[in-house]
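*Asks:* The structure follows.
The values are calculated or read from the model by the stated rules, or taken from the named source; none is laboratory data. Keep in mind the model is a prediction, meaning the values are calculated, not measured. Using ideal geometry, Cβ is built from the backbone for each residue, glycine included, and neighbour counts are taken over all protein chains shown. All accessible areas refer to the heavy atoms of the entire protein, side chains included, with ligands and DNA or RNA removed. Shrake-Rupley method; radii C 1.70, N 1.55, O 1.52, S 1.80 Å.
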Amino acid sequence: MREAFFERRRFMKIKDLLKKLDFSLSFEVSPPVRNGRGDRLFSVIGSLAKLNPDFISVTYGAGGSTRDMSVEIASSMKKSGTAEVLAHLTCVGASKREILTILDELKSSNIKNILALRGDPPTGQDAYKKQKDGFGFAHGLVEFIRQYDHFCIGVAGYPEGHTEAPSLKADIDNLRKKVDAGSDFIITQLFFDNNDFYRFRDGAAKAGIDIPIIPGIFPIFNYRQIQKIASLCGARLPEALHKKIHAARDRNDLVEQYGIEYSLKQSEDLIKNGVSGLHFYSMNRSSHVEKIVRNLPWQNRIA
Ligand code: FAD
């Protein structure tokens with residue numbers, strides 16, 4: 001068991017990990033936005049690391065707002081060997097020269113994995129605007145990073161279609177551009193109906209996309225928060241799930257319990273249907289994720 005643990009740690013590029021493993025486990029964490037201190041976050045990362053993930057991803061705040069913290073947290077995780085790191089990077093408000101500076105910083109911290117994203121328009125701006133000498137879409141960023149041989153590149157996929165895309169098919173055609181530009185794997189937006197994921201996976205296969213697609217799972221723990229997040233990213237809550245958490249909306253303990261039960265069922269079904277891994281949106285909490293992961297049929301992964 002311990003051997004398997006160290007075996008996994010030896011690989012640094014996620015594409016190599018994914019080739020080697022039948023199945024990957026990963027988590028997303030975010031730099032603190034308000035108080036700017038990472039202490040609590042590092043304690044969460046420590047708890048998540050005990051679940052033996054293959055990598056932990058660190059988000060890049062909207063509009064690059066947490067740029068320094070994102071790079072710092074990713075670098076510190078990499079240095080301490082807590083877990084393999086996937087650093088998110090967006091194009092918002094950045095010129096190619098600025099992106100290059102960040103790539104240099106990541107490279108000098110020996111970070112080898114980047115999730116290349118376009119990003120959302122900053123608050124108060126209706127639509128995404130390409131920065132002068134920047135990138136209009138994520139595929140441009142992927143192409144740019146690909147010139148530097150150092151990095152393994154992941155991109156975002158949308159089981160229900162991206163909110164700005166005219167159709168799922170058009171969005172998958174655009175996803176294909178990111179793959180052709182040199183992406184190595186895809187992590188999806190959160191979704192609650194696995195049929196959406198299976199439809200998306202079939203559509204991607206039809207479009208000739210043959211890199212691993214890792215589903216993103218969001219364990220719900222707060223009714224109002226998920227309402228807001230789902231409406232921002234265009235994720236649909238199935239009626240039965242919505243009804244259940246709405247009825248319990250003033251009892252976060254119950255909403256969390258329902259969220260754990262739902263994510264567990266969702267994950268079990270995805271595993272049965274041959275996904276290449278699971279990526280949990282932790283929202284900088286570990287206890288609910290732990291309850292799910294420890295109940296999945298792979299306990300021997302956990303050291
Ligand atoms: P793109 O792939 O560029 O797509 C954006 C839109 O443009 C889509 O509708 C697509 O269909 C369309 N499009 C693409 N190419 C073309 C083209 N050539 N012509 C016309 N239309 C085109 N945001 C953050 O700010 N920080 C994060 O850390 C972060 N992490 C994320 C992690 C994951 C796993 C996911 C799924 C999303 C994350 N996001 C993050 C959100 C993401 O930035 C937004 O969803 C953003 O709106 C789109 O980013 P993208 O990389 O998918 O963009």
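*Asks:* If SER231 satisfies all but one of (1) touching a helix residue (DSSP H, G or I) at 6+ places or on another chain (Cβ under 7 Å); (2) surrounded by fewer than 18 Cβ atoms within 10 Å (Cβ to Cβ); (3) polar (S, T, N, Q), what's the number of the condition it fails?
*Replies:* The failed condition is (1).
*Asks:* Right, something else. Looking at ALA138, ALA94, ALA83, can you tell me which residue is open to solvent by less than 70 Å² (accessible area, probe 1.4 Å), at negative phi, hydrophobic (A, V, I, L, M, F, W, C) and away from the ligand (no atom under 13 Å from the Cβ)?
*Replies:* On the way: ALA138 fails: away from the ligand (no atom under 13 Å from the Cβ); ALA94 fails: away from the ligand (no atom under 13 Å from the Cβ).
ALA83 is the lone residue from the list that is open to solvent by less than 70 Å² (accessible area, probe 1.4 Å), at negative phi, hydrophobic (A, V, I, L, M, F, W, C) and away from the ligand (no atom under 13 Å from the Cβ).
*Asks:* Give the residue, chosen from ILE245, ILE292, that is closer than 21 Å to SER26 by Cα, in contact with a helix residue (DSSP H, G or I) (Cβ under 6 Å, 6 or more places away or on another chain) and surrounded by 16 or more Cβ atoms within 10 Å (Cβ to Cβ). Talk me through it step by step, then tell me what you get.
*Replies:* On the way: ILE245 fails: closer than 21 Å to SER26 by Cα.
Among ILE245, ILE292, only ILE292 is closer than 21 Å to SER26 by Cα, in contact with a helix residue (DSSP H, G or I) (Cβ under 6 Å, 6 or more places away or on another chain) and surrounded by 16 or more Cβ atoms within 10 Å (Cβ to Cβ).
*Asks:* Count, please, the residues in the stretch 109-119 that happen to be in a strand (DSSP E or B) and either out of contact with any Gly (no Cβ under 6 Å at 6 or more places or on another chain) or more than 8 Å from the ligand (Cβ to nearest atom) (or both).
*Replies:* Restricting attention to the stretch 109-119, the residues satisfying the condition of being in a strand (DSSP E or B) are 113-117.
If we keep only those that are either out of contact with any Gly (no Cβ under 6 Å at 6 or more places or on another chain) or more than 8 Å from the ligand (Cβ to nearest atom) (or both) as well, we get 113-114, 116-117.
Within the stretch 109-119, residues that are in a strand (DSSP E or B) and either out of contact with any Gly (no Cβ under 6 Å at 6 or more places or on another chain) or more than 8 Å from the ligand (Cβ to nearest atom) (or both) number 4.
*Asks:* Same structure, new question: Hey, any hits in the stretch 273-287 for a residue that's surrounded by fewer than 17 Cβ atoms within 10 Å (Cβ to Cβ), within 16 Å of SER24 (Cα to Cα) and not small (Gly, Ala, Ser)?
*Replies:* yes
*Asks:* Oh, and also: Out of ASP39, ASP68, I need the residue that is farther than 23 Å from ARG294 by Cα, free of Cβ contacts under 8 Å to residues at least 24 places away in the same chain, surrounded by fewer than 18 Cβ atoms within 10 Å (Cβ to Cβ) and within 15 Å of the ligand (Cβ to nearest atom). Which one?
*Replies:* Working: ASP39 fails: within 15 Å of the ligand (Cβ to nearest atom).
Of ASP39, ASP68, the one residue that is farther than 23 Å from ARG294 by Cα, free of Cβ contacts under 8 Å to residues at least 24 places away in the same chain, surrounded by fewer than 18 Cβ atoms within 10 Å (Cβ to Cβ) and within 15 Å of the ligand (Cβ to nearest atom) is ASP68.
*Asks:* Quick check, is ALA74 within 14 Å of the ligand (Cβ to nearest atom), part of a strand (DSSP E or B) and under 30 Å from ARG294 (Cβ atoms)? Spell out the reasoning first.
*Replies:* Details: within 14 Å of the ligand (Cβ to nearest atom): yes; part of a strand (DSSP E or B): no; under 30 Å from ARG294 (Cβ atoms): yes.
Taking the combined requirement at face value, the residue does not satisfy it.
*Asks:* Still on this structure: When you check PRO122 against the structure, is it at pLDDT 95 or above, more than 8 Å from the ligand (Cβ to nearest atom) and in a loop (DSSP other than H, G, I, E, B), yes or no? Steps first, please.
*Replies:* Working: at pLDDT 95 or above: no; more than 8 Å from the ligand (Cβ to nearest atom): yes; in a loop (DSSP other than H, G, I, E, B): yes.
Taking the combined requirement at face value, the residue does not satisfy it.
*Asks:* Shifting gears a bit: Return yes when ASP171 is open to solvent by 80 Å² or more (accessible area, probe 1.4 Å), within 8 Å of the ligand (Cβ to nearest atom) and within 15 Å of CYS233 (Cβ to Cβ) and no when it is not. First the steps, then the outcome.
*Replies:* Values: open to solvent by 80 Å² or more (accessible area, probe 1.4 Å): no; within 8 Å of the ligand (Cβ to nearest atom): yes; within 15 Å of CYS233 (Cβ to Cβ): yes.
In short, no.
*Asks:* Pick from the stretch 143-168 the residues that are within 9 Å of the ligand (Cβ to nearest atom) and farther than 13 Å from ILE213 by Cα: which of them is most open to solvent (accessible area, probe 1.4 Å)? Break it down stepwise before answering.
*Replies:* Within the stretch 143-168, the first condition is being within 9 Å of the ligand (Cβ to nearest atom), and the residues that meet it are 154-158, 161-166.
Among the residues that remain, those that are also farther than 13 Å from ILE213 by Cα are: 161-166.
Numbers: GLY161: 11, HIS162: 38, THR163: 84, GLU164: 103, ALA165: 25, PRO166: 122 Å².
Among them, the one singled out is PRO166.
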